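What follows is a single structure, written as structure tokens, with notes after it.
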Amino acid sequence: MSKKSFVVMLVSAIVMWLGAHSFAGDNNYVGVDDCKKCHKKDKKGAQYKKWLEGPHAKAYKTLATDDAKKLAEKAGVKGDPQKSEKCLKCHVTGYGLAADRFGEKYKKEDGVGCESCHGAGSAYKKKKVMKDRDKAVAAGLVIPDEKVCTGCHNDESPTFKEFKFDERLKEIAHPIPEGAKGGSEE
């Protein structure tokens with residue numbers, strides 16, 4: 001391959017990558033109820049049920065507990081943790097973004113919803129997109145990695161303990177079973 005061909009391919013790849021990622025960054029948050037439509041059936045992995053039973057679904061509600069209020073006070077939070085930027089940035093999906101980025105089904109009470117880890121879903125939520133993992137990723141679906149998790153699971157949290165990504169991932173795993181049609185692997 002000539003140097004010129006390589007440069008053209010490299011520039012094309014970069015432009016495609018930037019296009020997909022800048023588009024994904026413009027997606028709006030649709031909310032857990034939109035995700036639930038396709039991700040609730042047992043035969044497809046019951047991802048919604050697994051989320052609902054896990055700690056992320058309760059993240060916002062947790063901030064209303066007496067323990068959370070005590071921890072927040074020790075961390076320098078004045079007043080209600082459910083209204084504190086220090087707390088909400090990790091206990092609510094998309095906290096701090098403009099109101100027009102959220103669809104009508106989005107609720108902060110859902111805590112750390114699907115889109116906290118998988119990215120705002122307005123462009124990838126359609127079944128025809130989700131059937132093709134590459135298309136879904138190009139439209140903004142995030143396949144979470146350790147960096148996504150440690151955005152919140154870090155020493156800024158007053159309850160932080162060593163974060164072992166592989167172990168914690170197993171606790172919240174919600175794959176689509178092999179052979180099930182539609183959707184991505186997680």
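Laboratory data are not the source of any read-out in this text; all were calculated from the coordinates shown. These figures come from a predicted structure and were not determined experimentally. In this analysis, Cβ positions are derived from the backbone assuming ideal geometry, glycine residues included, and neighbour counts consider all displayed protein chains.
Overview of results
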| quantity | calculated |
| --- | --- |
| Low-density loop cleavage sites - trypsin sites (Lys or Arg not before Pro) in the range 125-167, where at most 14 other Cβ are within 10 Å (DSSP) | K126, K131, K161, K164 |
| Pairwise centroid distance, computed over Cα atoms, of the range 93-118 with the range 125-186, Å | 16 |
| Rough spin-label spacing in nm, given labels placed 7 Å along Cα→Cβ, for K107 and E167 | 3.4 |
| Cα gyration tensor shape of the range 3-172, rounded if a/c is under 1.5, else prolate or oblate by comparing a/b with b/c | prolate |
| Sites matching chymotrypsin sites (Phe, Trp or Tyr not before Pro) across the range 101-186 that sit in DSSP coil, with at most 15 neighbouring C-beta atoms within 10 Å | F160, F163 |
| Full-stretch length increase - R133, L97 - with 0.36 nm per residue and alpha-carbon distance subtracted | 10.3 nm |
